[in-house]
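Worksheet: the structure to be examined is printed underneath.
Nothing in this text is a laboratory measurement; each read-out follows from the coordinates by a stated rule. Bear in mind the structure is a predicted one, so any value in this text is a computation, not a measurement. Glycine gets a Cβ as well: all are built from the backbone with ideal geometry, and neighbour counts include every protein chain shown.
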Amino acid sequence: MRIAMIGTRGAPAAYGGFETAVEEIGRRMVENGHEVTVYCRRSDERPRSTYLGMNLVHLPALHLKTAETLSHTGFSVAHAVTHRRPDAAFVFNAANAPFLPALRARGIPVAVHVDGLEWKRDKWGANGRRYYRWAESMSVRWADALIADADGISRYYRDEFAVPTELLTYGAKILTDTPTDRLAELDLEPGGFHLVVARFEPENHVDVIVEGYRQSAATKPLIVVGSAPYAAAHTQSIREAAGADPRIRFLGGVYDQDLLDQLYAHAMTYLHGHSVGGTNPSLLRAMGARTAIIAWDVEFNRDVAGPSAQLFGSPADVARLLGIAETRPELVDADADAVQKRAESVYRWDTVALGYEALAERLVLGYSTSGESHPRAADSERALAAKPRFVSTGTALSESRRR
């Protein structure tokens with residue numbers, strides 16, 4: 001099949017969860033014989049034409065808070081419908097709903113990864129929240145399938161719109177024997193710091209984490225990785241919460257993946273304040289790195305991290321849990337073991353990618369929750385009839401025969 005991946009910053013992954021998903025899923029689809037095109041935002045760097053077997057198309061975007069994602073998706077969809085037509089498209093982020101009719105009019109079945117409940121984010125004003133609510137409903141109406149990455153998101157779409165979703169989470173990178181050489185660049189030691197990695201948005205509660213750490217008697221520094229190009233006021237409030245506490249260190253955005261691996265793997269604890277969304281890739285990354293989790297108390301984090309995560313809802317909770325972590329390292333070690341085992345058993349990229357592949361094949365064969373079949377469905381069914389299929393084997397999918 002020819003598969004298009006639309007709506008992210010593209011590949012290689014260097015920014016967020018969607019980009020990691022596109023890279024991990026796309027390269028596995030290529031390995032299984034499919035042709036994958038990833039639409040990427042144009043940058044100053046010399047663009048690659050291919051990466052891990054995926055075709056990359058670089059297109060511009062307007063560098064405005066409210067228009068960057070939409071403008072790039074608009075250019076991407078225009079390219080997809082006027083060039084070699086894909087058999088199916090995956091569009092990431094329900095905000096991109098206005099462009100779905102153009103894909104479907106061209107006979108391209110489309111699945112939308114709806115992401116989290118964006119309309120709950122404080123960073124959006126009243127108009128922004130109304131837009132996201134509208135985009136959700138239009139995704140339900142215009143997409144052939146909806147992808148949710150967590151049970152809570154699936155329940156929301158079922159209860160709010162009475163529509164089924166495909167539950168396809170993320171995979172976790174399992175780290176073992178991770179080097180420590182890059183830590184010296186930051187004057188850090190293995191196990192000698194606490195870590196938070198997040199965009200500076202109100203719903204990620206970095207300010208609560210920083211304030212709680214400041215109230216604590218922790219002796220190990222708090223390393224804060226993240227930034228927010230369109231949220232200067234909130235960024236300032238986070239720095240004000242830190243005050244002049246020398247134990248708190250802001251690194252800004254870090255996109256060096258080797259350095260990030262070492263930070264995740266060698267932190268004593270990872271503090272996760274995300275409250276709006278589903279399965280968060282940064283949480284999975286910490287779990288896969290065998291780092292004890294202190295997470296915001298919300299259903300998504302409880303579902304993902306499981307019973308071994310420690311939960312907080314206030315600065316006082318953060319201060320208390322950090323105190324326990326530093327005085328009871330044996331508890332931290334046990335929690336770290338448990339979350340890594342959970343990541344390794346539950347969150348596997350191979351299984352996720354096969355789920356996307358199976359969904360793409362169903363879309364090509366005419367599956368649609370919108371109730372409208374595509375004119376290409378019959379032709380697609382004949383074309384795929386002779387191709388090898390993937391069959392369910394319990395909780396995973398396995399290839400029934402090789403191409």
Worksheet, complete the sentence: When the charge dipole of segment 1-60 is computed with +1 at the Cβ of Lys and Arg and -1 at the Cβ of Asp and Glu, the Cα pointing farthest to the positive end, of 53, 17, 38, is that of 38
Item to complete: Looking at segment 181-346, send over the antiparallel percent of its DSSP beta bridges, to the nearest 5.
Response: 0 percent
Worksheet item: What does the charge dipole of segment 161-228 about its Cα centre add up to, to the nearest 20 debye, if the Cβ of each Lys and Arg holds +1 and the Cβ of each Asp and Glu holds -1?
Response: 80 debye
Worksheet item: Hey, in the GNM for the chain with a 10 angstrom Cα cutoff, which one of 185, 166, 361 fluctuates hardest?
Response: 185
Worksheet item: Which listed residue (188, 198, 307) has the Cα farthest towards the positive end of the charge dipole for the chain, taking +1 on Lys and Arg C-beta and -1 on Asp and Glu C-beta about the Cα centre?
Response: 198
Worksheet item: Taking the DSSP beta bridges in segment 1-109 as the whole, what percent of them are antiparallel, to the nearest 5?
Response: 15 percent
Item to complete: With only Lys, Arg, Asp and Glu charged, each at its Cβ (+1 for the first two, -1 for the last two), find how big the charge dipole of the chain is about the Cα centre; round to the nearest 20 debye.
Response: 1340 debye
Item to complete: Pull up all non-local amide H partners of residue 3: gap of 5 or more, or a different chain, and H-to-H distance under 5 Å with H placed in the peptide plane.
Response: 35, 36, 37, 87
Discussion item. Quick check: the angle from helix 126-142's long axis to the longest principal axis of the chain, C-alpha only, nearest 10 degrees?
Written reply: 40 degrees
Discussion item. Please report the spacing between the Cα centers of segment 1-22 and segment 157-209 in Å, no decimals.
Written reply: 18 Å
Discussion item. Among DSSP bridges having both ends in the chain, what percentage is antiparallel? Round to the nearest 5.
Written reply: 15 percent
Discussion item. Could you compute the net charge surrounding residue 28? Neighbours are other residues with a C-beta less than 10 Å from the C-beta of residue 28; K and R count +1, D and E count -1.
Written reply: -4
Worksheet entry | Translational D in µm²/s for segment 181-346 (Stokes-Einstein at 10 °C, 1.306 mPa s, Kirkwood Rh from C-alpha pairs) | 102 µm²/s
Item to complete: Would you be so kind as to identify which of 318, 223, 276 lies farthest towards the positive end of the dipole of segment 181-346, taking Lys and Arg as +1 and Asp and Glu as -1 on Cβ and the Cα centre as origin?
Response: 318
Response to the item:
Stokes-Einstein D for segment 269-364 (25 °C, 0.890 mPa s, Kirkwood Rh from Cα pairs), in µm²/s, comes to 172 µm²/s
